[in-house]
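Worksheet: the structure to be examined is printed underneath.
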Amino acid sequence: MDGKDGAPANQAGSILIVRLQTGEDAVACLQQVAQEYGLQTAVILSGIGMWQETELGFFQGPTAGDEIFRYPEPCELLALTGNLSRQEGGIHLHLHATLATPNGSALGGQCSKPPST
């Protein structure tokens, strides 16, 4: 991922477009962009591409917590949405993803492990 001084992170008005390179950690890159641009809050509206591995959580209620599902195989990222905020001095991302497996099955949930591209 390139930052302020080079493509592909570009700011147009209040819209920021970020493109990750193969092998980059999606969460770490988004946190870096937030730091570079001084973002306090943000909404992630869209994301597409490939993830090499991921863990998705399924919320089972406030007392049960999340059930975690691990997907080590490459999956196509069909949709990504969420938000970014500053909490306890750090940058926090709350992301939900819809993925497609190589056999065409769709998966979805809260991202519980930082995926790599």
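Full extension of the chain between S85 and Q40 gives 15.6 nm of extra length, using 0.36 nm per residue less the Cα-Cα distance.
Sort 49-60, 101-112 for me by packing, meaning the mean count of neighbouring Cβ atoms within 10 Å per residue, highest on top. Mind showing how you got there, number by number?
Working: 49-60: 16.0, 101-112: 13.2.
By packing density, highest mean first, the sequence is 49-60, 101-112.
With a ≥ b ≥ c the root eigenvalues of the C-alpha gyration tensor of segment 10-116, is it rounded (a/c under 1.5), prolate (a/b larger than b/c) or oblate? Judged from the Cα gyration tensor, segment 10-116 comes out oblate (a/c at least 1.5, b/c at or above a/b).
Read-outs throughout are calculated quantities, based only on the coordinates presented, and are distinct from any laboratory measurement. Since we're looking at a predicted model, the values are computed, not measured. Here Cβ is always computed from backbone atoms with ideal geometry, including for glycine, and neighbour counts include all displayed protein chains.
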